[in-house]
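Quick notes on the structure that follows.
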Amino acid sequence: MRRRPASEWILLVEEALEGGYTAQALGESIFTEADDLPELRVQVRDAVLCHFETGDLPRLIRLHFIPVWCEILRIRPE
């Protein structure tokens, strides 16, 4: 059975701790990474094109940017 294509796919975009950006699709096994945002946009398009047959392509790809930060909690004082 062929699944019905969604009109829009959402990918979560995060800054990678080692630099650059990662993007991961919600509900699909699509993951890609790049050094900067213009390159990430190209990589996302390529990943989506590789994942779907031409007729199943989503109409829109929405990138949701997630801020990333790191906190270090000291358990015991030194």
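The figures follow:
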| quantity | calculated |
| --- | --- |
| Tally of residues being buried (at least 16 other Cβ atoms within 10 Å of the Cβ), part of a strand (DSSP E or B) and not polar (S, T, N, Q) across region 19-31 | 3 |
| Candidates Ala34, Ala16 - the one that is of a type in the set (A, V, I, L, M), at pLDDT below 95 and surrounded by 11 or more Cβ atoms within 10 Å (Cβ to Cβ) | Ala16 |
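The values are calculated or read from the model by the stated rules, or taken from the named source; none is laboratory data. Only a predicted model underlies this, so the values are computations on that prediction, with no experimental measurement involved. So basically every Cβ, Gly included, is an ideal-geometry build from the backbone, and we count neighbours across all protein chains shown.
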